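Structure record follows, encoded as C-alpha cells.
The values are calculated or read from the model by the stated rules, or taken from the named source; none is laboratory data. In this text, all values refer to a predicted model and were calculated from it rather than measured experimentally. Here the Cβ is made from the backbone with ideal geometry for all residues, glycine too, and neighbour counts use every protein chain on show.
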Amino acid sequence: MSETILKLDNVTKVYPNGTVANRDINMEFEKGEIHSIVGENGAGKSTLMKVIFGIERPSSGSVTYKGEETNFSSSMDAIKAGIGMVHQHFMLIPSFSIVDNIILGDEPTSGIFIDKKEAARRCQELSDKYNFELDVNAKVSTLSVAKRQKVEILKTLYRNAELIILDEPTSVLTPQETDKLFDQLRSFKEQGHTILFISHKLEEVKKISDKISVIRNGVSKGTYLNEDLSMQQLTNLIIGRDLDSDMNAYKTHEDFHNEKALVIKDLYMERNGKPVLDHMSFAVKNGEILGIAGVEGNGQQELVRCITGLEETAYTGDIEICGNRVNELNIKGRRDLGMAYIPEDRMGDGIAGSLPISDNLISTYYDRDDINNKVFMNSKAIKETAENLVKTFAVKTKTIDAAVNSLSGGNIQKVVVAREYNTNSKFMIAEQPTHGIDIGSEEFVHHKLIEMRNAGAGILLVSANLNEVMSLSDRIIVMFDGQIAGYFPNAKDVSESELGMYMLGAKHQTPQEIGGALND
Amino acid sequence: MTDNKNSKYSKNYKLSISNPKLFDAIKMTIAILIALAITFVILCLISKDPVNAIKTILFGPLSKKRYIGAVIESFISFAFAGLAAGVLFKAGGFNLGAEGIFIITGAVVAWIAASPITTSPILHPVLCYLGAMLVGGILMILPSFLKAKFGTNEMVVSLMSNSIYAAITAYIVRNWISTAQRGSVSSKDYLPTARIGYLYEPLRISACFILLIVVTIVLYLVMNKTKLGYQMRIAGTNPKFAEYSGVSAFRLSITTAVIAGVLCGMGSTTQLLTQTSYYTPAQSLVGIGFSGMLLSMLGKNNPIGIVIAAFFIKYLEQGAAVLYFVDGAVPSEIVSIVEGIVIMLISSQYFLRRLRERQLLKEGLEEHAE
C-alpha cells in the first residue's frame, strides 16, 4: 500500500574481534511510520543502526534506501541521502550557538563568508514550523538536556532528513519531557517523516510505535504491528522467556540494628564558583537500598566521586563509611573499609578491555589473601574464583581467558557486578548499574543487588532510570541542582509523575521533610 | 566443528590465527620474511653476488665460533636496555629516560672500576654493578616523581633528563676521573681486577650471560605471576581502571622506574666491563637506551621476547659485518633496513588485519551456527 523507504536484505556484520553482531537481517521500513527496533544490547541494534547510517559497512547483504542500494562510505553519505541520526550521546559543541551547531559541516555561504543571517533565518523557520520553541541564537551550553536533544533533531531536519534514527532518545529525559518528545515525533510522522526509534523501555515502545521489529542475538525475530503484540509477547520475543518485574517480592526484611553503611553530613562542593553539591545530608542503612533519582547532571556524579574518593576538587562536610570517617582516605582505603563500587563508565573505569576476563574479575581485591601465595599470586585460586563468578553470573563466554572487551555490554556489566559482589562489601555504590544493557542482564543485576541487600549490605543506587529506582529502592532521594529536592521514606508510596515533578525542580520539600533522609 | 563438546575449553587452544599469540607470531615471521625480501632486492642492486650475500647475512655468524661469540657478548647489555624499557612500557609509563641512565651510570662504573678499592676480581665487578644499579635506580625516578608532585609531563622531563645526565656525566669524567693519556674526554683505564673474564672463552660466555638469563626469568615471573605484575598489567592497559581498582599510580610508576633504572645500571656495567677498557661518555654507551625501546616493541614488552629480539638484531648486525668483510661493496648498515622494516610492520595495526578478519568472520559464523 504505502511505499517502502528502507529495506535490509540479509545484512550480516561481523566485527574484527569475531563478534557476529547481525546475522541475515531482513527488515522493511515504510514511509511515514514510527518503527521501533527493540532487543537486548548485545542483540545488535546499535550495529544495525550504524550499518544503516553508514558508520559501519555490512560484511555481507545489502541496504536499499528509496529503491537504490546504498553504498555509504561514511555517515556523510547517509546524511546527503536524507537519513538523520540522533545519537544517544549528543554530538554538540556547548560553546557554540544553536545555529552554529546546526550548520556545522554544511554552512550556507555568501561569497567566501558564512551567511549567518540566512542560516539563522532557516533554523528559526524550521524550529517554528515544528514547534520546537527554541531561540536559535542561544548557546548550547545554556540549554537543558531535553532542549539539546531538540537541537539534535533540528539538525537532522535542517539537512532534509526523511528518515530519522533516534537511538535511546528517552534515556536522558523525565517522563514529562518524554511525553513532549512523543508528541513531536507524531507530528513528524504526519509531515511524512519516517522515524526509527530504538529503546530499551518497552512501555515507551508500545506507546509510540506503529510497528515493532525485534532483534535477538543478532538475528531478526520479525516485525509486528504494535496492536498485534502484547507486552508479554514482546518481552518473550526479546529475551526468549518471561521476565519478572516485581523486585519487591524478593526482598526479605531482617533487622540490621539500624547500622549505617554510609553517612553523609552537610556535603558541599563548588565548581566554577557554583555549588554542585549543596549541603547534602543522608544515610544508607545496612540492609536497604537507597535510590537517588534525578536528571543526569544534577550533582549525582560529583556525589559518587566524593564518596568513592576519586574526586579531586576540595569539598566540605563529613563522609562516613561503615562507621569510619573517610574524608582523608583514598579509594583503596575506602575499599578496605568495605566499600564496593559499580561505576557508571563501565568501559572507561570498570574494565581493562584487552585483558582476560579473569584479570578483570579480581582487580578490586587482587591483593586479598585467598588468591595470593607468599610471593606469587595463586593462579589456581584466581582461576577457580573467576570460573565460579562467570558461572554464577551467567557471563556468556567460552573461556575466562577471553579478552573482556570481546563480550557484549550486558556481559561486561555482569563481569563488573560479579567482581564488586565478590568483594563481600557492606556498602555498595551502584551507579547506573544497568545503563545501556539488555533486559536479561538488567534483571540479573537487579536480583544480585537485592541479594546483597538481603544479606545486610547497604546499597546506594544512583540511576537516571526511574523504573529502576522505583522498583529496587526502599527509600528514595531526588536530586535537583546539587540539592536533595525530595525525600520519600517509602518508595512504594510514590508515583512516577510525582518523582518527575521533583526531578524537574517544579516541587521542593521543606528542610524538615528532607531531614528524614539522614535521621530515619 | 568436530570439537569434543565435553571439554569446554578445547576450542581455545585450537591452532588458528584468532588466537592472538599465534597471530602475533605469524605476523612477526611474515614481517621478517618481507624485510629480508626487501633486503635481498637491495643486495641485488649493490652486490655482484646477492645470493651469497644474503646467505652470509643469515648464516655468516654461525660460520666461526668467534662470530657467534661476538653476538653473545654484545647482545647482553642491549637486552638489558630492552628489559628496562619493557618494564616501563608494560605499566603504561612514558618514561624515555633509559638513555641518560645508561650514560650516567657508565661514569659510576668507570669510577669504581678505576679505583683500587679491592683486589678481588670477583668483588670488584660486583661493586661496579651494585654502584651502577643503585645510582640508576635512584635517578630513573626523577620524571615519575616530578609528574606526581608538580604535574609535569613525564615524557618531556625524561627526554630532557637524558641531556642533563649526559652533560653531568661529561663533567664528572672530565673533571674527576679523566686521564691525560688520550685526546678525547675519557676515563682512566679500569684496573685489571674489574674486568669480567669468560667462563667459556670460545663463545665469549661470561657471568653476565648468566646474569641476563636469571634476570629475564625473574622479570618474567614478576610480570606474570606477582601482584606487582598484575598492577603493571592493569595500569598499562587502562590507567583509569587501575585507579578505580585502588592501585596507586604514583607508587607503581616509582617502583617500575626503580626496576628499570637498576636494569639500565646492569646493562651499562655489562657493556663497559666486557667491551671497553676505559669509558668515553660520547661513545661507549650512546644509543643503547633508545634502542632498548625498539626492542621492547619488538618483544611486545615480554621479557623473553625482548631478549630473543636483542639476540636476533645483534645476530643480523654480525651477519652484516661478516658480509662487509667478504664483500666490501655492501655496507654493514644494510641491516638497519631489516630492523626498520620489521619494526614498522609489527607495530602496524593494519598489517595482516584483513587475513585475521576473514578468519574471524568464518569462525564467528561457524560458531553462531552451532
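For this structure, a couple of remarks:
- Members of region A:351-361 found to be buried (at least 23 other Cβ atoms within 10 Å of the Cβ) and either in contact with a Lys or Arg (Cβ under 6 Å, 6 or more places away or on another chain) or closer than 16 Å to residue A:389 by Cα (or both), listed by number: A:351, A:357, A:360, A:361
- Members of region B:297-330 that are part of a loop (DSSP other than H, G, I, E, B) and of a type in the set (A, V, I, L, M): B:329, B:330
- Number of residues in region B:210-235 that are within 14 Å of chain A (Cβ to nearest Cβ), touching a Pro at 6+ places or on another chain (Cβ under 7 Å) and not aromatic (Phe, Trp, Tyr) equals 2.
- Boolean, residue A:269 is in contact with a Phe, Trp or Tyr (Cβ under 9 Å, 6 or more places away or on another chain) and closer than 30 Å to residue A:303 by Cβ: yes
- Subset tally (residues that are in a helix (DSSP H, G or I), within 9 Å of chain A (Cβ to nearest Cβ) and touching a helix residue (DSSP H, G or I) at 6+ places or on another chain (Cβ under 7 Å)) for region B:236-259: 7
- Residue check for residue B:197: surrounded by fewer than 18 Cβ atoms within 10 Å (Cβ to Cβ), out of contact with any Pro (no Cβ under 6 Å at 6 or more places or on another chain) and within 14 Å of chain A (Cβ to nearest Cβ): no
A quick yes/no check of all residues on (1) farther than 19 Å from residue A:285 by Cα; (2) assigned by TED's automatic domain parsing to the domain that holds residue A:321:
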residue	(1), (2)
A:418	yes, no
A:450	no, yes
A:481	yes, yes
A:494	yes, yes
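- 3 or more residues not β-branched (Val, Ile, Thr): qualifying helices (runs of 4 or more DSSP H) within region A:60-140: A:75-81, A:116-129
- Taken over region A:270-282, the criterion of being surrounded by 22 or more Cβ atoms within 10 Å (Cβ to Cβ) and among the aliphatic types (A, V, I, L, M) is satisfied by A:277, A:280.
Matching residues to (1) over 23 Å from residue A:182 (Cα atoms); (2) out of contact with any Cys (no Cβ under 8 Å at 6 or more places or on another chain); (3) surrounded by 16 or more Cβ atoms within 10 Å (Cβ to Cβ); (4) without any contact (Cβ under 8 Å) to a residue 12 or more places away in the chain:
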{"site": "A:34", "(1), (2), (3), (4)": "no, yes, yes, no"}
{"site": "A:38", "(1), (2), (3), (4)": "no, yes, yes, no"}
{"site": "A:46", "(1), (2), (3), (4)": "no, yes, yes, no"}
{"site": "A:51", "(1), (2), (3), (4)": "yes, yes, yes, no"}
{"site": "A:62", "(1), (2), (3), (4)": "yes, yes, no, no"}
{"site": "A:71", "(1), (2), (3), (4)": "yes, yes, no, yes"}
{"site": "A:74", "(1), (2), (3), (4)": "yes, yes, no, no"}
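- Residue A:12 meets each of the listed conditions (1) touching a Lys or Arg at 6+ places or on another chain (Cβ under 8 Å); (2) surrounded by fewer than 22 Cβ atoms within 10 Å (Cβ to Cβ); (3) away from chain B (no Cβ under 14 Å); (4) part of a strand (DSSP E or B) apart from (3).
- Count - residues of region A:352-366 that are within 7 Å of chain B (Cβ to nearest Cβ) and not in a loop (DSSP other than H, G, I, E, B): 3
- Being more than 14 Å from chain B (Cβ to nearest Cβ), assigned to a strand (DSSP E or B) and within 25 Å of residue A:218 (Cα to Cα) holds for only one residue in A:55, A:25, A:37, and it is A:37.
- Residue satisfying all of: in region A:135-191; over 21 Å from residue A:124 (Cβ atoms) and among the hydroxyl-bearing types (Ser, Thr, Tyr); surrounded by the fewest Cβ atoms within 10 Å (Cβ to Cβ) among these: A:171
To keep it simple, each residue is scored yes or no on (1) part of a helix (DSSP H, G or I); (2) over 21 Å from residue B:195 (Cβ atoms).
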residue	(1), (2)
B:79	yes, no
B:92	no, yes
B:132	yes, no
B:144	yes, yes
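- Meets criteria (in contact (Cβ under 8 Å) with a residue 40 or more places away in the chain and either within 30 Å of residue B:234 (Cα to Cα) or in a loop (DSSP other than H, G, I, E, B) (or both)) for residue B:185: yes
- Yes/no for residue A:498 being without any contact (Cβ under 8 Å) to a residue 12 or more places away in the chain and not aliphatic (A, V, I, L, M): yes
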